[in-house]
Structure formats: C-alpha cells, structure tokens
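The structure appears right after this line, and notes come after that.
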Amino acid sequence: MAKVGSNKLTPLMLPGLKKTTSKKHLFKDVLFFISAIAIPSSFFNFIDRSFFVDIRLFYLLIGVLYLVLNFKYIQKFKRIKGAKLLLLLCFFLLFKILHSLLFQNIIWTEVVTIFRTNFFYPIITLGFLLYASKMDNKRLYRFFYWLFTVTLIQGILYIIANITGVNFYANSNKEFQQFQGVTIIQNLNAIPDYNIFLFAFAILTLFTVSNFKKHWMWFVPLLLTILTIVRNQIIVYFLVIIIIYSLGVISNIKIKGGKIFKALILLSLFSIIGFLVFPAHIGRIVNKFGFDQNESISASNYTEEGTFKVRLDLISKAYNSIEQNDNLILGNGYIREARKGEYDFVVGDDTLLAPVLWAEGLLGIIIRLLPVLIFLFYGLKNLHNKNKFISLISLMILGITIPEIFNGVQTKIFTYYHQYLFIFFLLMLIIYNDKMYQRKKSLIK
C-alpha cells in the first residue's frame, strides 16, 4: 500500500486528513495556496479588506495571471472530468463581456464593476486549476492538508470568539445579535470557505475507517455552523450526513450500521456539551426553527414571508425583467438593476440565482450548471466503481452536491467555482494522476 500523497492512491484515505512530509516545490505551492485560498478570504478575515482597495478585482487579476502563466498545461487539464465544460463556461463569460460592451452598449467601467462581483469566479478557478495540473499527488495531498488545517483552526477560533465574546476579526458581518439578554457573535465573514468540505471529508472517513479518532475534524465544522444560526446551512450540514450514510450503504464502500450508531452517540454527547457551553445559541436556534412556537416554519409561511420569500421575489423580478426586455436567453448584461448607492440584488448575495439570471439569462444559468450536473452524474455512476477510492470520492461529491440542490435558492455552487468546483476538479486531478501512474507502471512491467 502506497504512502498517503504518492501518485498511487491509497484505498479509503481521503486527501487532507493526514499530514504529508513532501517538500517538493514548497515555496511555489505556498504562494499558490496564499493566492487561491488566503487572499479571497482576506487572509482568513484577519486583514481589513480595505487594505486591498478592491479585493475581488485583485483576486481576479491574480487568477488571470495564473491562467496566462500556466496555459501550457491546458492539454492535461482538458483530459479530466468536467474540464471542457469549465472551458465552455469561461468562453461564454468572455462572450458576455463583449456582448455587454458591443451589443448592449454598457460602459466598460460598469461591466468591470459588475463582472468582478459574483460572475468572474470560473475564470480564476481555471487559472488555479492549470497550475494544479502540474502538481503530482504528493503536492495535491499536501495542499488539501494545508486547506483543512487552516479551516479547522478558523473554526476553533470562531468558537473561542463566541465563548469569550470577543470579535477579533478585521471584517464583520452581523457582528452581534441579541437574544434573551445575551449577546451572540454572528460574524458570517469569519466562516471558513471550505468548512463544508472538511465536515464532509471527516464524516465520510468516520463512516469508512474503523480506527478514525479525529472526531474534532467533523465536530468543529458542525458546531461552528450551528453557532452561526443560519437556518439553511444547519439543514444542509445534516443533509450531508444523511446522504453520505444513505448512499454509502448501497455503494461499493458498504458502510455498516455500527458506524452510524457510533456517530449518533458521539453527536448526542457533543450536543449536550454544546448546549451546556452555548445555551443562548441553542435557544436562538430553537426559536428560529419555531420549535418553541414563537416562530412558525410551516411550508406556507416559509414561502410567503421572511427572507426566503424575499429571495423568491428577487428571482421573479430578474426573470420578469429579462422577459420584458426580450433578453430571456442572454440576460441584460453586466449592468446594475438599481441606481448606484441603492440596494441592488445584482451586486448582492441574498440569492445568486437572481443576478446570474438578470445578467446572463437562461443560457448563463444552464452553462454554469452543466459542470455541476456532470459531477453529480459522475458521482451516481461511480458509487459502485471497482476502485474504492473513486467510489469514496463519488460519495463525497454526492454528499456535497445533493444538499446544495435542496438549497437551490441560496446555493453558491454554480457561481463560487473557486470553492465548490475547485475541490471537485482537484479530486479529478488526483484520480487522473493515479491513472497515469498505473499506466506507466504497467508499461515498465
């Protein structure tokens, strides 16, 4: 059995959960990690975003630089699952920029301003993936280890912030929330971007590796999510557990019932500890879900009032606009919906379906969803793959993707390619490297 991180895959060992000792191209890969992971989060929310003047535009320029410098690796990248659809999406985005400028007569400053809000992520993802295409599996496993280590540290720090009541982050969003006379820190900017991946990887390992003991790797991300008191995300995380277990039972991995029993005992124990340490947070969650009957969460109320209704209205507003303007296919282009200085859903993130529909039309929605659907089908197809590592990766992909389908109104999976799809593509690169390793090995024999 090969060492973790070598080009040969180790069955039932997901990348990132075990330390790797490789020092190959260390400086370049650290710089890559900073560029791809640290900068978009403003160095994990410890540097004021104003330091970068325009952090999104800065991130876009870095991504384009990586694309240009590593373009020679595009042939290898094109061979992995979903790569050609990502290239198609990037070409579409370039077309939409030109279409906005030349055919919809939108001034270039407006196009750049809007494009660099929520629309550019597939392009920079391509740039980072081209660099990753030259990495062997040792380097890729090391990258995952760095990613999950940083994510775990971020989660622990967020929990400490809530225990101490000290918000020590540089950027805040909903910094404080009052509930029953208690101040709750709710800084959404401090939530690790890859929290759900650490959680899914750890849960999957818990279900499949008998001697897995690093339970903090799934408990910390789950507790952090609960402390944020964001209802849809709490639901998503529990759906991840349900889907991974349900599909795992019928997959080639064959998760046993004893695994879920152990997980339930641990979850119950950790829940009691969480309730004792964070009674106000748990009380606010109970209140928000309506279990104390102070709030109703019936289906009719959920769709007729509250933030969910607001998001549905924004999507309806975007659709009506492109229909009335006869821009149903290609959208209105990269332009604001409201006057500068007023609330504008195009540059917001209440729901990303509305701005994409507004700017890129139905075609934009479809092309953005194609890579997501490809990975969904890949996961379903390979649950019974003879290669157990591929079955494991397929199960993880399904565990992440299916809950985001249920979270469709608020999901970011089809726009935040630098988070969700970036990880999926890296996993495909690991599988591709192993395939080439096995082929080379057979030729030598």
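Taking the charge dipole of the chain about its Cα centre, with +1 at Lys and Arg Cβ atoms and -1 at Asp and Glu Cβ atoms, the residue from Ile184, Thr208, Ile273 reaching farthest to the positive side is Thr208.
Between region 373-445 and region 26-43, the C-alpha centres lie 23 angstrom from each other.
Just the protein heavy atoms count here, and of the accessible area of region 81-157 at 1.4 Å, carbon and sulfur take up 73 percent. Treating r as the C-beta distance of Phe95 and Lys214 and R0 as 45 Å, the FRET efficiency rounds to 0.45. Here the Karplus relation 6.51 cos²θ - 1.76 cosθ + 1.60, evaluated at θ = phi - 60°, turns the backbone of region 382-393 into coupling constants of 9, 4, 10, 4, 4, 7, 5, 5, 5, 4, 5, 5 Hz, with x for every Gly and Pro. If you run the Gaussian network model on the chain, springs between alpha carbon atoms under 10 Å, then out of Thr151, Thr21, Thr125 the most flexible one is Thr21.
If I build a Gaussian network model for the chain, linking alpha-carbon pairs within less than 10 angstrom, which residue out of Leu94, Leu67, Leu17 has the largest mean-square fluctuation? Maximum among the listed residues: Leu94.
Once Lys and Arg get +1 and Asp and Glu get -1 on their Cβ, which of Ile226, His384, Leu126 lies farthest toward the positive end of the dipole of the chain? About the Cα centre, the residue reaching furthest to the positive side is His384.
Between region 45-71 and region 220-248, what's the alpha-carbon centroid distance in Å? The two parts, judged by their Cα centres, are 30 Å apart. If you build a Gaussian network model of the chain, linking Cα atoms that sit under 10 Å apart, which residue out of Ala202, Ala338, Ala263 swings the most? Comparing Ala202, Ala338, Ala263 in a Gaussian network model of the chain, the most mobile one is Ala338.
Compute the Rg/Rh shape ratio of region 1-157: radius of gyration over Kirkwood radius, all on alpha-carbon atoms. Working shown, then result.
Details: Rg = 17.9 Å, Rh = 17.5 Å.
Radius of gyration relative to Kirkwood radius: 1.02.
Rolling a 1.4 Å probe over the heavy atoms of the protein chains gives region 337-406 an accessible area of 41 Å² per residue.
Across q = 0.15, 0.26 Å⁻¹, region 366-445 modelled as identical point scatterers on its alpha-carbon atoms has Debye log10 I(q)/I(0) values of -0.57, -1.27, in the order of the q list. With Cα atoms defining each centre, region 144-160 and region 305-325 are spaced 36 Å apart in the structure.
Its Cα centre serving as origin, the chain has a Cβ charge dipole (Lys and Arg +1, Asp and Glu -1) of approximately 3080 debye.
Below 8 Å between Cα atoms, with a sequence gap of 6+, how large is the relative contact order for region 294-445 in percent? Could you put the intermediate results ahead of the total?
Working: 137 pairs, mean separation 27.2, N = 152.
Across region 294-445, relative contact order equals 18 percent.
Ranking Arg339, Arg116, Arg139, Arg79 from most to least accessible surface, computed with a 1.4 Å probe over the protein chains only, gives Arg339, Arg79, Arg116, Arg139. Over 20 Å between C-alpha atoms is what I'm after, so list which of Lys138/Lys440; Lys78/Lys386; Lys28/Lys134 land there. The answer is Lys78/Lys386.
So if we plug the beta-carbon distance of Val166 and Glu323 into 1/(1 + (r/R0)^6) with R0 = 51 Å, what FRET efficiency do we get, rounded to 0.05?
On the way: r = 50 Å, r/R0 = 0.97.
In this case the efficiency is close to 0.55.
Histogrammed with a bin width of 20 Å, the alpha carbon distances of the chain distribute as 23, 58, 18, 0 percent, first bin at zero.
Counting every C-alpha pair in region 319-381, the share spaced more than 19 angstrom apart comes to 39%. Note on Ile366: accessible area approximately 100 square angstrom, rounded to 10, probe 1.4 Å, nucleic acids and ligands left out.
Please state the relative contact order of the chain as a whole percent: Cα pairs under 8 Å, 6+ residues apart?
23 percent
With all protein chains in place and a 1.4 Å probe, the accessible surface of region 208-266 carries 73 percent carbon and sulfur.
Counting heavy atoms of the protein chains alone, Ile47 has an accessible area of about 60 Å² for a 1.4 Å probe. Among the listed pairs Lys76/Lys435; Lys96/Lys340; Lys19/Lys381, those with a Cα-Cα distance over 24 Å are Lys19/Lys381.
The values are calculated or read from the model by the stated rules, or taken from the named source; none is laboratory data. Note that the structure is a prediction, hence the values are computed from the model and not measured. Ideal geometry is used to build each Cβ from the backbone, glycine not excepted, and the neighbour counts take in all protein chains shown. Each accessible area value is taken on the protein alone, full model and side chains, heavy atoms only, with ligands, DNA and RNA left out. Shrake-Rupley method; radii C 1.70, N 1.55, O 1.52, S 1.80 Å.
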